[in-house]
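Encoded as structure tokens, the structure appears first; notes follow it.
The values are calculated or read from the model by the stated rules, or taken from the named source; none is laboratory data. Keep in mind the model is a prediction, meaning the values are calculated, not measured. We place every Cβ from the backbone using ideal geometry, glycine too, and count neighbours over all the protein chains shown.
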Amino acid sequence: MAKQTASGKSFKIAVLPGDGTGPEVTREAVKVMDAAAAKYGFKTEKVEYDLGGERYKRTGEVCPESVVAELRGFDAILLGAIGHPDVKPGILEKGLLLKLRFDLDQYINLRPVRLFPGVECPLKDKGPEQIDYAVIRENSGDVYTGVGGTTQKGTPHEVATQVMVYNRFQVDRCLRYAFEYARKYGKKARGKGENNTLGLVGKTNVLTYVFDLWERAFHEMGAKEYPDVKRDYYHVDATCMWMVKSPEWFDVLVTGNMFGDIITDLGAMTQGGMGIAAGGNLNPEGVSMFEPIGGSAPKYTGKNVINPLAAICAMQMMLEHLGLEEAAKGVDAAVRRATGEKIKNLAAGKMGYSTTQVGDLVVSLLP
Ligand code: IPM
Ligand code: MN
């Protein structure tokens, strides 16, 4: 990752506010980004795209190829939320979110599970020290590839398959990212433990083809190229158990697309919910897209009550990804102070601050 160079470097950012509360939270993320740019000395050139449910309803377009082509020319993409109450589930998710992940080959979905100070955690006796790990979700394969089909539909003998597909190339590139990440951001690297540990989350006892491939690739690459990174293996069901009971055991986890989807929602709840959980869809060699994990929350739309911290955290991850380390650290510190000292509840309408006030607060706390 490039270090932050002298002031003045400019980044092209595509802003996709999306549906529902997406525009409200994205506005605050952009507000904080602009303040950070002024403070830490970088520039941004922002282009907004009106992709989402409204545009689909108006024009029938979800994500034109011309837009995908344009997006390839940006340094990063900031996404608000996708999902519209009048649009059948699946259309926007597949046509926009998954399309961008696939077409831009964002093969890593990085989802940190970090409890910030002052945030209420549903787990008994757990605090920021205990909930501090990252999930690296493979983002290009698995049941998400759409391999499968249906026959005899509508009959009592209907058959449906949706196949878990992985090839060695996909597994290897994901593992490589995960080992590198563990080496750089694991607990030892952060002075918080004796080892940098990468845990593979799978289901080798049942998915004896797919996770056999993952497990062999994991140990081969680890032994050969990352002997300094400790390797662990956990079944996905046990992982869920330990995420609740002993989250402090985890450092960096790597897993397939479907398991990663599921366990990161559990992780998000343990870090205070959708108001705070953020992730990055990364193409380390291309254009990456950062998003709050939560949805478009139609019932809060336009009320200025939704929590923008997840979007602000997604933007923070984007700064880090762009190599703006000082700015990324600054935003992280400001968010931690906001939760630790000011905002008492992360839920929409219960923060004691409006959406716009939370953005202002984070800006005011930038160190
Ligand atoms: C997520 C979401 C998506 C996924 C949906 C909306 C397609 O749940 O980003 O985790 O399954 O990846
Ligand atoms: Mn999900």
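Miscellaneous remarks
- Where strands (runs of 3 or more DSSP E) fall entirely within segment 234-312, those with at least 2 residues that are within 16 Å of ligand 1 (Cβ to nearest atom) and under 18 Å from ALA178 (Cβ atoms) are at 252-255, 278-282.
- Selected residue [away from ligand 2 (no atom under 15 Å from the Cβ), closer than 25 Å to ARG190 by Cα and among the aliphatic types (A, V, I, L, M)] from ALA348, ALA338: ALA338
- With a requirement of 2 or more residues that are basic (Lys, Arg), the helices (runs of 4 or more DSSP H) lying completely within segment 1-76 that satisfy it span 22-40, 53-59.
- Matching residues, segment 100-150, being more than 16 Å from the chain's Cα centre (by Cα) and under 17 Å from ALA182 (Cα atoms): ILE131
- Filter pass, ARG216 being over 22 Å from the mean Cα position of the chain (by Cα) and not in a strand (DSSP E or B): yes
- Residues within segment 78-94 that are surrounded by 22 or more Cβ atoms within 10 Å (Cβ to Cβ) and not in a loop (DSSP other than H, G, I, E, B), tallied: 5
- Boolean, GLU48 is surrounded by fewer than 23 Cβ atoms within 10 Å (Cβ to Cβ) and closer than 30 Å to VAL305 by Cβ: yes
- Any hit, segment 337-360, residues being β-branched (Val, Ile, Thr), surrounded by fewer than 20 Cβ atoms within 10 Å (Cβ to Cβ) and either over 22 Å from ARG111 (Cβ atoms) or within 22 Å of the chain's Cα centre (by Cα) (or both): yes
- Check on ASN257, touching a Phe, Trp or Tyr at 6+ places or on another chain (Cβ under 7 Å), within 16 Å of ligand 2 (Cβ to nearest atom), polar (S, T, N, Q) and modelled with pLDDT of 95 or more: yes
- Restricting the first member to segment 93-108 and to residues that are under 23 Å from PHE169 (Cβ atoms) and touching a residue at least 12 places away in the same chain (Cβ under 8 Å), and the second to residues that are within 15 Å of ligand 2 (Cβ to nearest atom) and of a type in the set (Asp, Glu), the beta-carbon pairs closer than 7 Å and six or more apart or on different chains are TYR107/GLU138.
- Flag if GLY118 is among the small types (Gly, Ala, Ser) and in a loop (DSSP other than H, G, I, E, B): yes
- Check on THR208, under 28 Å from PHE169 (Cβ atoms), in a loop (DSSP other than H, G, I, E, B), of a type outside the set (A, V, I, L, M) and in contact with a helix residue (DSSP H, G or I) (Cβ under 6 Å, 6 or more places away or on another chain): no
- Identity of the residue in segment 244-263, surrounded by fewer than 24 Cβ atoms within 10 Å (Cβ to Cβ) and aliphatic (A, V, I, L, M), that ends up farthest from GLY280 (Cα to Cα): VAL244
- Of residues in segment 81-99 being within 12 Å of ligand 2 (Cβ to nearest atom) and closer than 10 Å to SER296 by Cβ, the one farthest from the chain's Cα centre (by Cα): GLY83
- Odd one out for TYR133 among (1) more than 24 Å from TRP214 (Cα to Cα); (2) out of contact with any Gly (no Cβ under 7 Å at 6 or more places or on another chain); (3) away from ligand 1 (no atom under 12 Å from the Cβ): (1)
- Residue within segment 141-149 that is touching a residue at least 12 places away in the same chain (Cβ under 8 Å), closer than 25 Å to ILE13 by Cα and either surrounded by fewer than 19 Cβ atoms within 10 Å (Cβ to Cβ) or within 13 Å of ligand 1 (Cβ to nearest atom) (or both) present: no
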